[in-house]
Amino acid sequence: MPSLFDPIELGAIRAANRVFMAPLTRMRADGDHVPTAMMVDYYRQRASAGLIISEATGISRQGLGWPFTPGLYTDAQVEAWKPVTEAVHEAGGKIMAQLWHQGRLARPDVNKLQPLSASATRASYHDPDKNPYGEARAATVAEIKEAVEQYAQAARNALAAGFDGVQLHGANGYLIDQFLRDKTNLRDDDYGGSPENRIRFMKEAVEAVIAVAGAERTSIRLSPNGETQGADDSNPEAVFVPAAKLLDELGIAFLELRELSPDGTYGATDVPKLSPKIRKVFSRPLVLNQDYTLEKAQADLDSGVADAIAFGRPYIGNPDLMERLRDGVPLSQDNPKTWYSKGPEGYTDYPPHQKQVAA
């Protein structure tokens with residue numbers, strides 16, 4: 001079986017190793033959602049990952065309602081991403097853009113728009129008296145088609161900015177996930193009700209992106225088990241296993257799953273992981289994410305349930321995470337207080353491990 005440090009082919013992308021960098025929202029873009037120079041250094045430092053999947057990146061003003069997060073829907077945003085992708089490539093790395101529509105989680109105080117979702121619902125918040133989420137309106141069929149085209153246009157923009165491919169964000173309670181799950185999808189038309197209907201929006205969005213980028217440069221991230229940001233499903237196997245089978249038939253480069261566990265550190269659930277069942281219907285590279293150690297990661301490669309592992313938070317404090325895992329070097333601890341701050345502290349100032357050189 002391969003090790004984490006062996007190369008892997010992901011459609012048209014050849015990754016030098018199987019230690020991937022998962023998407024991480026860090027809020028270092030400017031107020032117009034334009035990437036900043038700081039982000040060039042941040043991604044360059046992490047280019048030894050087999051593949052970097054960028055932080056969630058908005059496909060439209062309607063779909064981006066979180067402050068200081070980047071977009072890919074204006075010329076200024078596209079131009080500002082170019083130095084990032086160039087820096088990663090110059091350092092020998094590969095980088096995909098993650099395409100993001102937040103749906104009902106797009107905050108009206110940020111984009112000044114009423115959120116759009118599968119149905120008219122409102123996301124909850126830990127402080128009900130300060131809930132920043134608005135009441136979403138159910139998307140019309142015309143608005144669904146418009147969102148599909150926004151994914152396609154964002155894919156065009158990503159390729160123009162130099163990304164090696166694109167990943168649709170279909171996880172974590174965002175728009176695609178809101179259509180997939182029956183707790184947030186209350187529709188009774190062709191986009192709601194049966195699992196086949198709830199998969200339809202995901203299918204159309206993926207097909208639109210494939211038409212632009214090619215299946216060999218297209219991926220999607222799903223979170224099939226457990227509740228995330230209020231999105232949940234009464235029978236996740238019935239919707240996510242057929243969704244994975246469809247994605248296999250569409251020929252995407254790889255599928256990434258964020259899977260929760262009972263003892264998870266950032267979200268937990270008793271709902272069983274679906275990766276073993278998805279593995280049976282998805283024959284292409286399968287990438288798993290959430291709370292992995294080196295030992296757990298290699299075990300899942302050895303069992304065949306995964307082909308690569310995406311690490312998230314460990315990449316915050318360890319820009320050289322791949323080398324540290326490979327060489328058995330202890331990991332640095334990151335500072336949660338700086339996850340979403342605005343400056344270089346806790347962003348680009350984590351030093352790489354200094355190797356000891358024999359005299």
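Odds and ends about this structure:
- Any hit, region 301-322, residues being more than 21 Å from the chain's Cα centre (by Cα), free of Cβ contacts under 8 Å to residues at least 24 places away in the same chain and loosely packed, with under 13 Cβ neighbours inside 10 Å: yes
- Some residue of region 268-276 being among the hydroxyl-bearing types (Ser, Thr, Tyr), at pLDDT 95 or above and under 24 Å from LYS94 (Cβ atoms): yes
- Candidate set: region 145-162, residues that are part of a helix (DSSP H, G or I) and among the aliphatic types (A, V, I, L, M); chosen: the one farthest from GLY214 (Cα to Cα): ALA147
- Only one of the numbered conditions (1) within 26 Å of VAL241 (Cα to Cα); (2) exposed (fewer than 15 other Cβ atoms within 10 Å of the Cβ); (3) of a type outside the set (Lys, Arg) is not met by PRO336, and that is (1).
- Of all residues making up region 49-79, the number that are more than 19 Å from the chain's Cα centre (by Cα) and either among the small types (Gly, Ala, Ser) or surrounded by 24 or more Cβ atoms within 10 Å (Cβ to Cβ) (or both): 1
- None of SER54, SER117 is touching a Lys or Arg at 6+ places or on another chain (Cβ under 6 Å), under 26 Å from VAL206 (Cα atoms) and among the hydroxyl-bearing types (Ser, Thr, Tyr) except SER117.
- Selection of first residues in region 31-45 that are farther than 18 Å from TYR340 by Cβ and of second residues that are surrounded by 21 or more Cβ atoms within 10 Å (Cβ to Cβ) and aliphatic (A, V, I, L, M), restricted to Cβ pairs under 7 Å at least 6 apart or on distinct chains, gives the following pairs, ordered by first then second residue: VAL40/VAL84; ARG44/VAL88.
- Answer from ARG46, ARG14, ARG61, ARG18 - the residue that is more than 30 Å from ASP302 (Cα to Cα) and among the basic types (Lys, Arg): ARG61
- Scanning region 246-293 for residues that are surrounded by fewer than 16 Cβ atoms within 10 Å (Cβ to Cβ), among the polar types (S, T, N, Q) and over 19 Å from the mean Cα position of the chain (by Cα) yields SER283, THR293.
- The set of residues in region 121-132 that are part of a loop (DSSP other than H, G, I, E, B) and surrounded by fewer than 13 Cβ atoms within 10 Å (Cβ to Cβ) comprises SER124, HIS126, ASP127.
- Residue match in region 251-261 (condition: in a helix (DSSP H, G or I), of a type outside the set (A, V, I, L, M, F, W, C) and closer than 21 Å to ARG200 by Cα): no
- Pairing each residue of region 77-89 that is touching a residue at least 24 places away in the same chain (Cβ under 8 Å) and within 20 Å of SER60 (Cβ to Cβ) with any residue that is assigned to a helix (DSSP H, G or I) and not polar (S, T, N, Q), provided the two are 6+ apart or on different chains, yields C-beta distances under 8 Å for VAL78/ALA160; TRP81/ALA158.
- Selected residue (criterion: modelled with the lowest pLDDT) from residues of region 231-252 that are farther than 11 Å from PHE282 by Cα and among the aliphatic types (A, V, I, L, M): ALA231
- Selected residue (only one of PHE179, PHE163 is at pLDDT 95 or above, aromatic (Phe, Trp, Tyr) and under 24 Å from GLU259 (Cβ atoms)): PHE179
- Every pair of residues 6+ apart whose Cβ atoms lie under 6 Å, when the first sits in region 198-227 and is within 18 Å of TRP100 (Cβ to Cβ) and in contact (Cβ under 8 Å) with a residue 24 or more places away in the chain while the second is among the hydroxyl-bearing types (Ser, Thr, Tyr) and assigned to a helix (DSSP H, G or I): ALA205/TYR151; ALA208/TYR151; VAL209/TYR151
- Positions within region 213-234 being in a strand (DSSP E or B) and either on the phi > 0 side of the Ramachandran plot or of a type in the set (Val, Ile, Thr) (or both), in sequence order: THR218, ILE220, THR228
- When ARG181, ARG221, ARG217 are checked against the criterion of being within 18 Å of the chain's Cα centre (by Cα), of a type in the set (D, E, K, R) and under 19 Å from LEU288 (Cβ atoms), a single residue qualifies: ARG221.
The values are calculated or read from the model by the stated rules, or taken from the named source; none is laboratory data. Keep in mind the model is a prediction, meaning the values are calculated, not measured. Here Cβ is always computed from backbone atoms with ideal geometry, including for glycine, and neighbour counts include all displayed protein chains.
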